[in-house]
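Every number here is computed from the coordinates shown, using simple stated rules; none is lab data. Note that the structure is a prediction, hence the values are computed from the model and not measured. Here the Cβ positions follow ideal geometry from the backbone for every residue, glycine too, while neighbour counts run over all protein chains shown.
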Amino acid sequence: MAFDEVFSLPNLVALFGAGATRNPVRPFARHFASRLRACLAAGPARGNHFLSQVLADRDPPGGGADWLQFPPTRATQVIWQRATMDEALACAEGGWHLIHVSNILDWLDPDSASRTLDLAARALAVDGRLIIRQLNSSLDIPALAPGLVWDAGLAARLHAGDRSFFYSGLHVGGRR
């Protein structure tokens, strides 16, 4: 199968480093094949630019990411920091309304992931939200963060609408 060749462990390590392949639930070829099948079954596949880029190496008919077509509704101040996630979170006690760590926890051992989640909990504003994607990791993310309250319903709705389709799970947390 082509997925076995493309998503072989040596290829992934060469592209992303050994850390990116830590904690896998199953071989990455099986993970991505399964996620592709789920995406095709859930539809609509024709307008999914992620799917088109993976399978056809181009944007779908009618263009790419739809959100790039929308005019901005208001100017938002974005603060950038060039640092590791833990360094950035350690500098931001209680001030962030949104922290999105994508799937970086997949790359960490459980103790390091727990430390990152603790830092995120301290960095969140009282009404802030933490968004975490989970690719192919065996980490029990909610169990690693007793300082956060998890909104499984919102996470499930967001995950169901996530057209990137690579991720097996999504978690949304807030401060206790």
Task: Residues located in segment 22-32, provided they are surrounded by fewer than 17 Cβ atoms within 10 Å (Cβ to Cβ) and assigned to a helix (DSSP H, G or I) - done: Arg30
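Mind telling me which of the residues Val126, Val78 ends up being over 23 Å from Asn23 (Cβ atoms), in contact (Cβ under 8 Å) with a residue 40 or more places away in the chain and surrounded by fewer than 17 Cβ atoms within 10 Å (Cβ to Cβ)? Spell out how you get there, then give the answer.
On the way: Val78 fails: in contact (Cβ under 8 Å) with a residue 40 or more places away in the chain.
Selected residue: Val126, the only one of Val126, Val78 that is over 23 Å from Asn23 (Cβ atoms), in contact (Cβ under 8 Å) with a residue 40 or more places away in the chain and surrounded by fewer than 17 Cβ atoms within 10 Å (Cβ to Cβ).
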TODO: Might you check whether a residue that is without any contact (Cβ under 8 Å) to a residue 40 or more places away in the chain, under 22 Å from Val6 (Cβ atoms), under 21 Å from the mean Cα position of the chain (by Cα) and surrounded by 12 or more Cβ atoms within 10 Å (Cβ to Cβ) occurs anywhere in segment 91-112?
DONE: yes
Task: Hey, Ala41 over 17 Å from Leu135 (Cβ atoms), crowded, with 16+ Cβ neighbours inside 10 Å and without any contact (Cβ under 8 Å) to a residue 60 or more places away in the chain or not - done: no
TODO: Among the residues of segment 7-21, write down those that are surrounded by 13 or more Cβ atoms within 10 Å (Cβ to Cβ) and either assigned to a helix (DSSP H, G or I) or touching a residue at least 24 places away in the same chain (Cβ under 8 Å) (or both).
DONE: Phe7, Leu9, Asn11, Leu12, Val13, Gly19, Ala20, Thr21
TODO: Could you check Ser137 against (1) touching a residue at least 60 places away in the same chain (Cβ under 8 Å); (2) surrounded by fewer than 19 Cβ atoms within 10 Å (Cβ to Cβ); (3) within 22 Å of Ala113 (Cα to Cα) and say which number it fails?
DONE: (2)
Task: Residue identified as surrounded by 13 or more Cβ atoms within 10 Å (Cβ to Cβ) and aliphatic (A, V, I, L, M) among Ala143, Ala88, Ala160 - done: Ala88
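Determine which member of the set Leu89, Leu98, Leu40 is touching a helix residue (DSSP H, G or I) at 6+ places or on another chain (Cβ under 9 Å), under 25 Å from Arg176 (Cα atoms) and not polar (S, T, N, Q). Before the answer, list the steps.
Details: Leu98 fails: touching a helix residue (DSSP H, G or I) at 6+ places or on another chain (Cβ under 9 Å); Leu40 fails: under 25 Å from Arg176 (Cα atoms).
Answer to the check: Leu89.
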